[in-house]
Amino acid sequence: MALHIEMSPEAEAELRKSATRNRVTSAALALLLISLAATVLYFAVKIIVKTVEPSFISFTPPEDNAPPTNKPTTQELSSSSSSPSSDVAPAMIVADAPANVAMAPVEMDSADFGEAADFGIGMGAGGLGEGLGDGGSGLGSSKGGGSALEGTFYDLKQTKSGSPTGILQKAPDAEFKQFEVLHDFMKGGWRESTLAKYWQAPTKLYATNFYLPVCEDRYAPVAYQCDDRVKPARWVAVYRGRVQAPATGKFRFVGTGDDVLAVRFNNKLVLEAGYRLPTRFDKNRPMAFWVSSNSPQRKVYLEEIKSGKDKDHKGYEFITMPETTIWNNEIGGLTAGTVFEVKQGQNYPIEILISEQGGKFGFVLFIQNVTNGASGKNFDLFRTNFAEPDKAELEKLLNGYLNGIGNMQCPAYNKDSMVWKAVP
C-alpha cells in the first residue's frame, strides 16, 4: 500500500513565488554583467588603445621580377654638370608599377685628331656615375663638377700684393730663379705655404683630365681669367684632390709637359717630365735640370736613372709616339714614371703641377696598368669622370693660341679608360 502526500495549496503557491524570484534575480545579474563587460571594452578600445590611421604602402618589384613584355626597352644617356656641393639630399620616388628610365640622348661622334687619336665625348664603360659631373678640357672649367681636381694658378713674377719678385719674364737668370722656387716647393713636400707669397688668380679651375695640345703660353692666364694682371711665362698651376682607385694593382703615370708636368701620388713623386725637371735643380750643376733632347745634360740624366743614382726618377722609361713629333724630337717622347700600388675602392691624395717658362705650352697625362708587366703604348687617359677631350671644344678653346705652332699633336689612348673618381 502506497503512501501519498499532497502539497498544500499554500505551500505550492509559495514555491512558485520563490522560483519566479530566482529567475528574475538571475536575469538581472546577467544584464548587469553584460553592461559591465561592455563598459570595460569601451574604455579599452576608445581610451587605452591608441588609434592607428590606416595607410597604404606601394611596392615596385625589381625589373628582373616584372612581368614579361614584348615591348622593346629604349635606354638613352644624359650628361650634365653637377653641383660641387655634396650636401643635396637624395630624392625618393615611389611608383605603383615598374617603368623604364629615359635619359636624354648623347651623340657618340668622333673626329680624327692629329694622325691617330680619335676624339669625341665618350661615356666610357659603365655609364655616368653618381655625382661625377662633366668637367672641362684644357686647364679645366671654372664650374666645379662633382668629380674634379681643383687648380690654383700662381704668377711667380709678382708677390701676393703685386710687387715684382725679380723673376722677370725675360732675364738672364729668370730661368734659374723660377726653377729654384719649384725645386724648393717639390722637395719641401709640396706645401702650399711655399707658394703663398706669390700672386694667386682669384679664379679656381676644376679639371677632370689633363690633355692640352701644344699652344702658346698666354693661354693659361686667359683660362684662369687673370690675363689683365698676368703676363705670359714664369707661372705654375697646382691641382689637388683625392681619387678613388678603380682597381687593385700596380700602375704608373705616363705623360709629358712643356715645360714641366709633375705628379705626386699618395705623398710620393711618381712622375716628373718635360724640358726641365725642378727636382734636379742644383746650384752646383746649373744645367742639370735641363733635360731636353738637345741638352748635353740629358745623357747624364739618363745614365743617373739607369744606375739608380737619381732616386727621384727611379724606373723611368721614355716612349715615343707617332702623333707627337714635337715632343719626340725635343724631349724624347712621353715619360713613364715610377710604379706604385693601389687597392680598389681606397682613396689616395694626388697633386699635379704644370709650369711654363715662356713660349710653347702643352701637356698630356695618361696612366698605365702594369700589374702583369708593362704593356707598351697601351695607355688610359687619366680622368676623374667619363668625359674625354673633345676636338671641337679644344679647337674653340685654343682659337688664336696656335700661331706658328702648327697642327695640334696629341697621342692616342684607350677609349674605355678607367675612371679615378675624385672624392671629398
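The values are calculated or read from the model by the stated rules, or taken from the named source; none is laboratory data. Since the model is a prediction, treat every value here as computed from it, not as a measurement. Because the Cβ atoms are built from the backbone with ideal geometry, glycine has one as well, and the counts that use them run over all protein chains shown. Heads up: the accessible areas ignore ligands, DNA and RNA and are worked out on the full protein's heavy atoms, side chains in. Shrake-Rupley method; radii C 1.70, N 1.55, O 1.52, S 1.80 Å.
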- What is the extension gain from residue 318 to residue 266, computed as 0.36 nm multiplied by their sequence separation minus the C-alpha to C-alpha distance, in nm to one decimal? 16.4 nm
- Taking 316-323, 160-167 and ranking on average Cβ neighbours within 10 Å, highest first, one gets 316-323, 160-167
- Given 26-32, 250-256, 297-303, the highest-first ranking by average Cβ count within 10 Å works out to 250-256, 297-303, 26-32
- Query: Using modelled amide H (1.01 Å from N, peptide plane; none on Pro or chain starts), what sits under 5 Å from the amide H of residue 158, excluding residues fewer than 5 places away?
  - Reply: 165, 199
- Query: Between residue 173 and residue 38, what length in nm is gained on full extension when 0.36 nm per residue of separation is reduced by their alpha carbon distance?
  - Reply: 38.1 nm
- Query: Share of region 185-255's accessible area from carbon and sulfur, percent, 1.4 Å?
  - Reply: 44 percent
- Note on the structure: If the chain between residue 192 and residue 341 were fully extended at 0.36 nm per residue, the gain over the current Cα-Cα distance would be 51.0 nm
- With the contact rule set at Cα under 8 Å and sequence spacing of 6 or more, what percent relative contact order holds for region 180-280? 25 percent
- Task: Quickly rank 214-224, 277-287 as a protection proxy: mean count of other C-beta atoms within 10 Å, highest first.
- Result: 214-224, 277-287
- Note on the structure: region 142-283 accessible area per residue, 1.4 Å probe, protein heavy atoms, integer Å², reads 36 Å²
